[in-house]
Every structure is written in C-alpha cells, then in structure tokens.
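Step one of this worksheet: look at the structure below.
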Amino acid sequence: MNAMADRVALVTGGSSGIGRATALAFAAEGARVVIASRTQETGEAVVAEIGATGGEAIWVQTDVSKAVDVEALVARTMSTYGRLDYAFNNAGSGGNGGWLTEIREEDFDQTVAGYLKSCYLCMQAEIPAMLKNGGGVIVNNSSVDGQRAFPWDPIYSAAKHGVLGLTKSAAVQYIRQGIRINAICPSWIATPPVAAIEERDPGATERLLQHQPIGRLGDPREVADTVVWLCSDRASFIVGTAIAVDGGYLAV
C-alpha cells in the first residue's frame, strides 16, 4: 500500500475521469499528489477525497496549453514537496472536428495546442525537475486514435499520433539520464465526455462498443492502474512504448 511513499506524482487533468482515478491510485500507493486542472471546485474535491483516506494532495489551477501555467505548476510542485518523481500528462482539450476541408484553422490550432503542445510543455518543465532528484517516470495520454484513423476528427487523430512520436523520441533522449517515458492509448472509457456523447445521442455508446470486443466501456480505474504500474519499478525495462488500454479495440 506504500510502494510509492515519499514520492511525488503530478497528474494533469486530475479532477475528473481518468485523471481523477489516477490521482486516487497514486495516493493509494502512498505518493503525494499534485492535481492540475482548470476547475477549482472539482480539483479541490479530489484533494479532499485523497485527504479523507489519509493521503496528501494539492490542487494547482493550470491550462496545460500555456507555458506560463505549466512552468508555474512544476514550480509549485517543487516548492511544496521538493521533488517530482512521476507525471501523468493526461489533460487535453481541442476545437471542433469534422470533415478536413471544413475544419477551421483556429480549431486546428486549439486541438494541437490542447493535446500535443501540452505534452511538449509538460515534459519540458517536468524533465529538469525530475533530473534534480536523479530521474523519474513520465506517462503521456495518447489514444487508440493515435494508432489508427479517427474519421470524425482527423486533427485530433494527428495530435494523438504526434503524442506517440514525441513520447518515443523523448524517451530515447532521456533514458540514460534516468527518466523513463511511455504512453498509454485508451479506447472508449466511462468518462464525462463519453457520458455527454450518450446524452446528446442516446444509443451512441452501444454503437461505439461495436468496435470494442470486450463489449463494455473501460473503467477509469483500469487505465489508472496501468499508469501507476508503468511508473512503478515493476515496469523498469519499459521505455518509449505505447500501451493500449482498449478492451481489444486495436486488435480488430
């Protein structure tokens, strides 16, 4: 229960969905957790949830597409806890998708900034902090759509493909300095955005699951367990890899 005691984990987008589940999972392993998100109410709710179980956490308001916010986030982590051991770069947001010829330039920029630039900014700030205590582990959240076509939003797919390229290249650059970097590729998970799809279009989930052989949505805790395992010493030989957490989605 205390495999990560005295360690510090940073989770962006940590106030809901996969991020919230991962923050709780890190805390359950004994890590002190820094939760980054844009919404104070939900962020502080997760901090309280961790505190209620005897853990320790702080929330930092952050827009991960802005360098000044990310730099302040890592600075706050270091000033509060003095170290950074694990980072899950999970937060992301984008513009409207659709047919390529109809996507506006501002939507392209918003999607690339929210999903790809954000990972670059986070790693750029996290790596120097980790090097101060001899290394660490970073996990970036890509998607199954980073390994396949996503015809409903080609820019989202391109950004998520970019996350994998960034992950692999950074992993090779920094592994001999003690920093392991990997990515996860979730499929359809029971998160608020998926719930919103179902609310707008009743029956949508059933149609989505036709492409997910396991026949159900993933639980955010299943993704969180993968992230925490990748950060643990049990995954010490895994470098520059994309782990699909997808119920068989990419197998068909």
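Just one of the numbered conditions (1) in a loop (DSSP other than H, G, I, E, B); (2) over 28 Å from Ser15 (Cβ atoms) is not true of Gly247: (2). I'm trying to understand the selection: among the residues of region 113-155, which are over 15 Å from the mean Cα position of the chain (by Cα) and either buried (at least 17 other Cβ atoms within 10 Å of the Cβ) or on the phi > 0 side of the Ramachandran plot (or both)? If the condition is that a residue be over 15 Å from the mean Cα position of the chain (by Cα) and either buried (at least 17 other Cβ atoms within 10 Å of the Cβ) or on the phi > 0 side of the Ramachandran plot (or both), then Ala125, Ile127, Ala129, Met130, Gly134, Gly135, Gly136, Gln147, Phe150, Asp153, Pro154, Ile155 are the ones that fit. Being within 18 Å of the chain's Cα centre (by Cα), of a type in the set (D, E, K, R) and closer than 16 Å to Glu29 by Cβ is the filter here; which residues of region 223-252 pass it? Passing the criteria: only Asp225. Kindly evaluate Glu49 against the criterion of being charged (D, E, K, R), assigned to a helix (DSSP H, G or I), over 20 Å from Asn140 (Cα atoms) and touching a strand residue (DSSP E or B) at 6+ places or on another chain (Cβ under 9 Å). It is true that Glu49 is charged (D, E, K, R), assigned to a helix (DSSP H, G or I), over 20 Å from Asn140 (Cα atoms) and touching a strand residue (DSSP E or B) at 6+ places or on another chain (Cβ under 9 Å). Every test in (1) crowded, with 20+ Cβ neighbours inside 10 Å; (2) over 24 Å from Leu121 (Cβ atoms) is passed by Val227 save one, and that test is (2).
For region 1-22, what are the residues that are of a type in the set (Ser, Thr, Tyr) and assigned to a loop (DSSP other than H, G, I, E, B)?
Ser15, Ser16 - these are the residues of region 1-22 that are of a type in the set (Ser, Thr, Tyr) and assigned to a loop (DSSP other than H, G, I, E, B).
No value in this document is a laboratory result; all are computed from the given coordinates. If you're wondering where the values come from, they're calculated on a predicted model, not measured in any experiment. Backbone-built Cβ (ideal geometry, glycine too); neighbour counts: all protein chains shown.
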